[in-house]
Amino acid sequence: MKAIHLFSDILATSVEEFAHDCMLLCEQHYPTIHSRGMQEDHLAKTLCRRIATNCAQQNTPLKITHIDKSQHTSQVIYCLQHEQSYIWVIAHHFISANKARRDALLNTIEQVKNKFSTHGEHYLMVIADHWFDRSKASKEIPAWWLGELPDNHLEYAATGIKLQPSESSFAESVKQRFHLTNGSVSLKHPFVRHDNQSPVLRYLFLTAIYKID
């Protein structure tokens with residue numbers, strides 16, 4: 001039980017610190033990221049390094065393995081292991097927010113879930129990024145991810161992004177398709193304006209953490 005709480009706390013902390021890590025990475029690669037978003041491998045490696053650093057500080061070293069892509073998935077997948085605990089990291093770039101890209105992420109989760117063994121502790125972490133565009137699908141992404149419009153949706157509207165509700169949701173799809181319910185999802189905005197340090201809402205990270213029961 002101690003190990004379970006340890007990893008849960010480390011993963012939650014790592015997600016919070018990950019946004020800062022990526023802000024630094026984004027600044028180093030401007031304007032490439034500002035026009036296309038981050039490459040999935042950059043997303044995955046940055047998150048894995050952060051998790052590994054935080055685990056090492058708790059005397060819990062991790063073995064990091066890159067899972068080779070199959071013909072069924074185009075997303076980047078890593079497995080972080082300590083003894084009988086496994087953290088599966090999926091990175092996904094929403095170059096488009098359409099149904100095909102959403103389904104592609106869910107299909108990758110299915111591929112990863114099939115790799116879970118019947119022993120040990122398993123965690124699933126999903127990290128995705130997206131630049132808002134003018135499409136309805138793009139404006140649905142926050143509601144699709146959270147299951148509802150974010151509390152600060154009026155702040156988006158003030159910047160010209162009128163968020164839209166979504167008929168489906170990521171969490172509900174994961175629950176129905178994979179029977180995963182013990183999770184948390186969040187939205188983050190790593191870019192800030194230099195004049196007033198307010199978040200650049202047009203670019204967002206989507207994160208999800210699931211403890212596999």
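The values are calculated or read from the model by the stated rules, or taken from the named source; none is laboratory data. Since this is a predicted model, take the numbers as computed values, not measurements. Counting neighbours? That spans all protein chains shown, and the Cβs are built from the backbone with ideal geometry, glycine included. Just so you know, the surface numbers come from the protein's heavy atoms only, side chains and all, with ligands and any DNA or RNA stripped out. Shrake-Rupley method; radii C 1.70, N 1.55, O 1.52, S 1.80 Å.
Here are a few things to note about the model shown:
- Set side by side, the residues HIS122, HIS130 differ, and just one is of a type outside the set (Ser, Thr, Tyr), within 16 Å of the chain's Cα centre (by Cα), within 30 Å of THR65 (Cα to Cα) and open to solvent by less than 50 Å² (accessible area, probe 1.4 Å), which is HIS130.
- Members of region 31-63 found to be open to solvent by less than 30 Å² (accessible area, probe 1.4 Å), at pLDDT 75 or above and among the small types (Gly, Ala, Ser), listed by number: ALA44, ALA52
- When region 150-172 is filtered for residues that are under 20 Å from SER198 (Cβ atoms) and in a loop (DSSP other than H, G, I, E, B), the ones remaining, listed by number, are PRO150, ASP151, ASN152, THR159, GLY160, ILE161, LYS162, LEU163.
- In summary, LYS211 fulfils each of the numbered conditions (1) of a type in the set (D, E, K, R); (2) at pLDDT 90 or above; (3) buried (at least 17 other Cβ atoms within 10 Å of the Cβ) with the single exception of condition (2).
- Subset of region 109-144 (residues that are in a strand (DSSP E or B) and either touching a Cys at 6+ places or on another chain (Cβ under 8 Å) or over 13 Å from VAL185 (Cβ atoms) (or both)): GLU121, HIS122, TYR123, ASP129, HIS130, TRP131
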